[in-house]
1. Within the chain, which whole H helices from DSSP have a Cα span along their axis of at least 30 Å and a mean Kyte-Doolittle hydropathy of -1.0 or more, if any?
2. What number, in percent, do you get for the relative contact order of the chain if the mean sequence gap of Cα pairs under 8 Å and at least 6 apart is divided by its residue count?
3. Apply the Debye scattering formula to the stretch 136-267, with a single equal point scatterer on each alpha-carbon and no solvent, then give log10 I(q)/I(0) at q = 0.17 Å⁻¹.
4. Once you treat every alpha carbon in the stretch 206-315 as an equal point and sum by Debye, what is log10 I(q)/I(0) at q = 0.18 Å⁻¹?
5. Provide, for q = 0.12, 0.15, 0.22 Å⁻¹, the log10 of I(q)/I(0) from a solvent-free Debye sum over equal Cα point scatterers in the stretch 78-206.
6. Between residue 214 and residue 198, with labels modelled 7 Å along Cα→Cβ, what's the label distance in nm to one decimal, could you check?
7. Can you find, among 351, 284, 198, the residue farthest towards the positive end of the dipole of the chain? Put +1 on the C-beta of Lys and Arg, -1 on that of Asp and Glu.
8. Expressed in nm², what is the orientationally averaged projection area of the convex hull enclosing the Cα positions of the stretch 82-131?
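Nothing in this text is a laboratory measurement; each read-out follows from the coordinates by a stated rule. Predicted model, so just to flag it, every value in this text is computed and none were measured. Ideal geometry is used to build each Cβ from the backbone, glycine not excepted, and the neighbour counts take in all protein chains shown.
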Amino acid sequence: MRIKRIKISLLVKLLVAVAVSFIVSTVVMIIISQIILHLYNLQYLTIEDIGATTYNFIVFLIFTFVIFSFIVTFLALIRNKIIYIKRITESINEIANGKLGMTIELQGNDELSKLAQDVNSMSKELSSKFEYERQLEIAKNELITNISHDLRSPLTSIIGYLDLLRKGHYSSQDQLKEYHDTTYSKSKRLEALINELFEYTRLTSPDVKLDINDVDMTGLLEQLIGEYVPIFEKENLTVIKEIPKEEVLTSMDIEKMVRVYDNLFMNAIKYSAKPSIVKATLDIQSNYAEFRLSNQTERPEVRDINQLFERFLVGDKARSEHEGTGLGLAISKRIVELHGGHIQAEYMAGWLTIIIKLPI
């Protein structure tokens, strides 16, 4: 209903302009007629009194002034609208020529202001999409660069050791076994990187689908932490957990969320100071469950701690030392967001905490 009111308001303005112009031109006609009658000292203007030629000239002159006054008055009344239309046209041309994000000042409350508002929305949306496409292009280039680097390192080692084996450049069975073991470990690293890359690419696809089921989060975390306790203890890490006993149902793709928790636990094992403590807590709020995993470690060399969730953020040195791919936390973030949740990191007094909030 509001759109109809806006359209009518512009029509009314135009009709008012026409009416006012008509009244002004009528007044002009009366004034000019009275002036001419006064000059000729006549009560009525007739052909017999002044002659046919003069009469026709006077009528033509009167109508010329009437039309001129109508046009001038009408243009004066709609001048601002004409200027506004020109401004909108120029802005559209500038947007079409690449000046995305620019906006037009809104004036009035009619169709022209609605048009300007739509143009502003279009400009902002195009700017947003262009920036998004630009970021995608940058991300794609970074991804290709990092993939090339990470694939080349183990692949070069594999080729090198296979070449030594092919040429028989080993002095003992122990050295042969060492070459075999190294080649195998580098092959497994290559496989892990390819699998992580495939998983990340699949999860970032717009048509990714989740297999959602109702899951008891407390039971799931108790089971997962229990499975990891021996691994933590082997690495001189003590697990302190605070998990509620009551059942907490949440809708999730259990396979993908298990992948998230696996990533967090493995990161805690890789990067924790040893020996030290790892804390796992679950806090239940009215509409979400907050899981926190804290471990003692040096502060990551990043400006913003939440940059940890950017793909391939882990430096070359860290990746080579810990055999990481740099995609684990990026994958975790994507999975949590697909579930309508939020993941973030905090670092305080030597403790790195990963926080996952999921709706319940």
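1. The qualifying helices are 2-40, 52-96, 111-167.
2. Result for the chain is 11 percent.
3. -1.05
4. Debye intensities relative to I(0), on a log10 scale: -1.04.
5. Results for the stretch 78-206 at q = 0.12, 0.15, 0.22 Å⁻¹ read -0.68, -0.83, -1.17.
6. Between residue 214 and residue 198, the label points sit 3.5 nm apart.
7. The one lying farthest along the dipole's positive direction is 198.
8. Here the figure is 3.1 nm², rounded to one decimal.
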